[in-house]
Structures are given as structure tokens and as C-alpha cells.
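Chemist: Would you mind keeping the following structure in view while I ask a few things?
The values are calculated or read from the model by the stated rules, or taken from the named source; none is laboratory data. The structure displayed is predicted, hence computed values, not measured ones. Glycine gets a Cβ as well: all are built from the backbone with ideal geometry, and neighbour counts include every protein chain shown. The area values use the complete protein model at the heavy-atom level, side chains included, leaving out ligands, DNA and RNA. Shrake-Rupley method; radii C 1.70, N 1.55, O 1.52, S 1.80 Å.
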Amino acid sequence: MNLKQYFIYLAVMAVVTYLLRAVPFVLLKSKLKSPFWRSFLAYVPYTVLAAMTVPAIFYSTDSKLSGACALVAAVVASLFGAGLVGVAAVACVTVLGVDGIMLLL
């Protein structure tokens, strides 16, 4: 790749990044009045976080079984009111336990 092509790609990426950040501000100058859109946009951050986190749970361990057990344990711990650190600790201990049991078998 030569230098001219590099700067063209860099300019296109900069324009796309700027448009993705500027267009919502231009289109949404006033407060949204529709309850549907307000509730829809309120859940977008949680959806994106879940879409990034759940696949990482399965692919960050040695086996998908330990990842699935950790996910179930984390959901159960969160339903019982554990905080973020508690849920993460329960998930880590679950992965270590399941992987340890799988090594023994």
C-alpha cells in the first residue's frame, strides 16, 4: 500500500466516524416525545454490552461447557442480588471448578 492510498483510506475512515457521531445530534435536536423510541434507545447500551459479552464468555475458556456453566452461575448470582464483582467472582470460580473437574475425568 502506498502513502497516497493510505491517506485516502484514513480520510474515508475519519469521515465515516465523524458522520456516525454527528448525524444523531443533527437529527435529534429536540427531546424525543415518542415513548416507543425513548424506551428503545434506553435499552440499546444493554443490548450492545450483552452482544459483546456473551460470545466472549464462551470463547475465553478452554471449553464451551465451562463457559456455559459460568454464564448460568453468573445469571443466578445476579438474580440473587450479587454485585458486579460478586458475579464476576462466581463466574471465575465456576470456570476453575468445571475445568478442574474436567481434568480429573
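Chemist: Please give the helix 3-27 orientation as an angle from the longest Cα principal axis of the chain, in degrees from 0 to 90, rounded to the nearest 10.
Modeler: Rounded to the nearest ten degrees, it is 90.
Chemist: Which one is right for this structure if Rg/Rh (Cα atoms, Kirkwood Rh) is calculated from it: (1) 1.27; (2) 1.21; (3) 0.95?
Modeler: Recomputing Rg/Rh (Cα atoms, Kirkwood Rh) here picks out (2).
Chemist: Quick one, what does Rg over Rh come out to for segment 53-104 if you take C-alpha atoms and the Kirkwood Rh?
Modeler: Dividing the radius of gyration by the Kirkwood radius yields 0.97.
Chemist: Taking loop as defined by DSSP and a crowding limit of 14 other beta carbons within 10 Å, which chymotrypsin sites (Phe, Trp or Tyr not before Pro) in segment 55-97 fit?
Modeler: Sites meeting the loop and neighbour criteria: PHE80.
Chemist: Skip the ligands, DNA and RNA, and give the accessible area per residue of segment 53-104 with a 1.4 Å probe, whole Å².
Modeler: I get 66 Å² per residue for this part.
Chemist: Go through segment 1-98 and name the trypsin sites (Lys or Arg not before Pro) that are in a DSSP coil and have 13 or fewer other Cβ atoms within 10 Å of their Cβ.
Modeler: The qualifying sites are LYS29, LYS31, LYS33.
Chemist: Can I ask one more? Would you work out which of TYR43, SER78, PHE58 lies farthest towards the positive end of the dipole of the chain? Charges go on Cβ: Lys and Arg +1, Asp and Glu -1.
Modeler: Of the listed residues, the answer is TYR43.
Chemist: Determine the calculated [θ] at 222 nm for the chain from helices alone, applying -39500 (n - 2.57) to every DSSP H run no shorter than 4 residues and normalising by the residue count; nearest 500 deg cm²/dmol.
Modeler: Result for the chain: -29000 deg cm²/dmol, rounded to the nearest 500.
Chemist: Averaged per residue, what accessible surface does segment 1-49 expose to a 1.4 Å probe, in Å²?
Modeler: 101
Chemist: How high is the relative contact order of the chain, in percent, with contacts defined as C-alpha pairs under 8 Å that are six or more residues apart?
Modeler: 17
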